[in-house]
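First the structure, in the form of C-alpha coordinates, and then the observations on it.
The values are calculated or read from the model by the stated rules, or taken from the named source; none is laboratory data. Because the structure is a prediction, the values reported are computed rather than measured. Quick reminder, even Gly has a Cβ in these numbers, built from the backbone with ideal geometry, and neighbours come from all protein chains shown.
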Amino acid sequence: MKADFDQLDVQIVAASTDPEDKARKFAAESGLNFEVAYGLSIDQARELGLYISTRIDSTETDQPFAEPGMFLIRPDGGLHFAEVASAPFCRPDLEMIKMGVDVIQGKDYPARGTG
(Lines give C-alpha, C1' and ligand atoms only; values in the text may rest on other atoms or scores of the structure.)
Protein backbone atom coordinates (compact mmCIF):
# COMPACT_ATOMS: atom_id res chain seq x y z
CA MET A 1 0.00 0.00 0.00
CA LYS A 2 3.01 2.30 -0.18
CA ALA A 3 1.68 3.98 -3.33
CA ASP A 4 -1.57 4.81 -1.51
CA PHE A 5 0.35 6.44 1.32
CA ASP A 6 2.63 8.23 -1.15
CA GLN A 7 -0.49 9.84 -2.64
CA LEU A 8 -1.36 11.09 0.86
CA ASP A 9 2.20 12.47 1.25
CA VAL A 10 2.91 10.02 4.09
CA GLN A 11 6.53 8.95 4.40
CA ILE A 12 6.97 5.38 5.64
CA VAL A 13 9.98 4.42 7.74
CA ALA A 14 10.38 1.08 9.49
CA ALA A 15 12.69 0.67 12.47
CA SER A 16 14.03 -2.61 13.77
CA THR A 17 16.00 -3.81 16.75
CA ASP A 18 17.76 -6.18 14.33
CA PRO A 19 21.38 -5.55 13.35
CA GLU A 20 22.06 -4.13 9.87
CA ASP A 21 22.68 -7.44 8.07
CA LYS A 22 19.49 -9.06 9.35
CA ALA A 23 17.35 -5.96 8.70
CA ARG A 24 18.69 -5.59 5.15
CA LYS A 25 18.10 -9.29 4.43
CA PHE A 26 14.52 -9.09 5.72
CA ALA A 27 13.81 -5.92 3.69
CA ALA A 28 15.21 -7.50 0.52
CA GLU A 29 13.40 -10.83 0.98
CA SER A 30 10.13 -9.03 1.76
CA GLY A 31 10.47 -6.67 -1.21
CA LEU A 32 10.10 -3.57 0.96
CA ASN A 33 10.32 -0.37 -1.04
CA PHE A 34 10.73 2.07 1.83
CA GLU A 35 13.44 2.99 4.30
CA VAL A 36 14.27 0.44 7.00
CA ALA A 37 16.28 1.69 9.95
CA TYR A 38 18.10 -0.87 12.08
CA GLY A 39 19.91 -1.19 15.36
CA LEU A 40 17.17 0.37 17.50
CA SER A 41 18.30 -0.38 21.05
CA ILE A 42 16.00 -2.09 23.52
CA ASP A 43 16.12 1.06 25.68
CA GLN A 44 15.05 3.16 22.68
CA ALA A 45 12.24 0.69 21.92
CA ARG A 46 11.05 0.96 25.52
CA GLU A 47 11.12 4.77 25.26
CA LEU A 48 8.73 4.41 22.33
CA GLY A 49 6.43 2.32 24.52
CA LEU A 50 7.05 -0.90 22.59
CA TYR A 51 6.72 -4.31 24.20
CA ILE A 52 9.94 -6.31 24.42
CA SER A 53 10.06 -10.08 23.89
CA THR A 54 12.63 -12.83 24.02
CA ARG A 55 12.69 -15.81 21.68
CA ILE A 56 10.48 -18.78 22.37
CA ASP A 57 12.40 -21.19 20.12
CA SER A 58 15.60 -21.44 18.09
CA THR A 59 13.95 -20.18 14.86
CA GLU A 60 13.65 -16.69 16.32
CA THR A 61 16.38 -14.15 16.93
CA ASP A 62 19.02 -14.74 19.58
CA GLN A 63 18.43 -11.43 21.35
CA PRO A 64 15.51 -9.50 22.89
CA PHE A 65 13.42 -7.67 20.28
CA ALA A 66 10.59 -5.16 20.04
CA GLU A 67 7.08 -6.19 19.13
CA PRO A 68 5.37 -4.07 16.44
CA GLY A 69 4.33 -0.48 16.81
CA MET A 70 3.03 2.15 14.41
CA PHE A 71 3.37 5.88 14.92
CA LEU A 72 1.91 8.66 12.80
CA ILE A 73 4.07 11.74 13.21
CA ARG A 74 2.72 15.13 12.16
CA PRO A 75 4.76 17.43 9.89
CA ASP A 76 5.62 19.53 12.99
CA GLY A 77 7.21 16.45 14.61
CA GLY A 78 4.42 15.82 17.10
CA LEU A 79 2.76 12.48 17.60
CA HIS A 80 -0.68 12.18 16.03
CA PHE A 81 -1.37 8.57 17.00
CA ALA A 82 0.36 5.44 18.20
CA GLU A 83 -0.53 1.77 18.00
CA VAL A 84 1.55 -0.83 19.85
CA ALA A 85 1.09 -4.58 20.03
CA SER A 86 2.29 -7.21 22.47
CA ALA A 87 2.41 -9.94 19.80
CA PRO A 88 3.77 -10.10 16.25
CA PHE A 89 0.42 -10.89 14.64
CA CYS A 90 -1.48 -7.88 16.01
CA ARG A 91 -1.14 -5.41 13.17
CA PRO A 92 -3.25 -2.35 12.36
CA ASP A 93 -5.62 -2.43 9.40
CA LEU A 94 -3.77 -0.32 6.81
CA GLU A 95 -6.95 0.48 4.87
CA MET A 96 -8.40 1.95 8.07
CA ILE A 97 -5.17 3.87 8.72
CA LYS A 98 -5.30 5.25 5.17
CA MET A 99 -8.89 6.41 5.70
CA GLY A 100 -7.87 7.99 9.01
CA VAL A 101 -5.00 9.89 7.40
CA ASP A 102 -7.41 11.16 4.76
CA VAL A 103 -9.74 12.46 7.50
CA ILE A 104 -6.84 14.00 9.43
CA GLN A 105 -5.61 15.84 6.36
CA GLY A 106 -9.00 16.77 4.93
CA LYS A 107 -10.51 18.10 8.15
CA ASP A 108 -7.33 19.16 9.97
CA TYR A 109 -8.38 16.63 12.60
CA PRO A 110 -6.45 17.14 15.85
CA ALA A 111 -4.48 14.56 17.81
CA ARG A 112 -6.56 13.10 20.67
CA GLY A 113 -5.80 11.59 24.06
CA THR A 114 -2.95 12.10 26.44
CA GLY A 115 -0.01 9.93 27.42
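Give the residue, chosen from Ala14, Ala37, Ala85, that is touching a strand residue (DSSP E or B) at 6+ places or on another chain (Cβ under 6 Å), surrounded by 13 or more Cβ atoms within 10 Å (Cβ to Cβ) and of a type in the set (A, V, I, L, M). Give the derivation first.
On the way: Ala37 fails: surrounded by 13 or more Cβ atoms within 10 Å (Cβ to Cβ); Ala85 fails: touching a strand residue (DSSP E or B) at 6+ places or on another chain (Cβ under 6 Å).
The match here is Ala14.
Name the residues in region 66-115 that are in a loop (DSSP other than H, G, I, E, B) and touching a residue at least 60 places away in the same chain (Cβ under 8 Å), would you? Let's see the steps before the verdict.
Restricting attention to region 66-115, the residues satisfying the condition of being in a loop (DSSP other than H, G, I, E, B) are 67-68, 74-78, 85-93, 108-115.
Of everything in region 66-115, nothing turns out to be in a loop (DSSP other than H, G, I, E, B) and touching a residue at least 60 places away in the same chain (Cβ under 8 Å).
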Could you identify the single residue in Ala23, Ala45 that is surrounded by 12 or more Cβ atoms within 10 Å (Cβ to Cβ), modelled with pLDDT of 95 or more, part of a helix (DSSP H, G or I) and not hydroxyl-bearing (Ser, Thr, Tyr)?
Ala45
Sort out which residues of region 63-115 are at negative phi, in contact with a Phe, Trp or Tyr (Cβ under 9 Å, 6 or more places away or on another chain) and small (Gly, Ala, Ser), and write them in order of number.
Ala66, Gly69, Ala82, Ala85, Ser86, Ala87, Gly100, Ala111
Candidate set: region 26-42, residues that are in a loop (DSSP other than H, G, I, E, B) and touching a residue at least 24 places away in the same chain (Cβ under 8 Å); chosen: the one farthest from Val84 (Cα to Cα)
Asn33
Which residue is farthest from the chain's Cα centre (by Cα), if the candidates are limited to region 64-87 and must be under 18 Å from Gln11 (Cα atoms) and among the aromatic types (Phe, Trp, Tyr)?
Phe81
Scan region 88-102 for residues that are within 18 Å of Leu8 (Cα to Cα) and surrounded by fewer than 11 Cβ atoms within 10 Å (Cβ to Cβ) and jot them down.
Asp93, Glu95, Met96
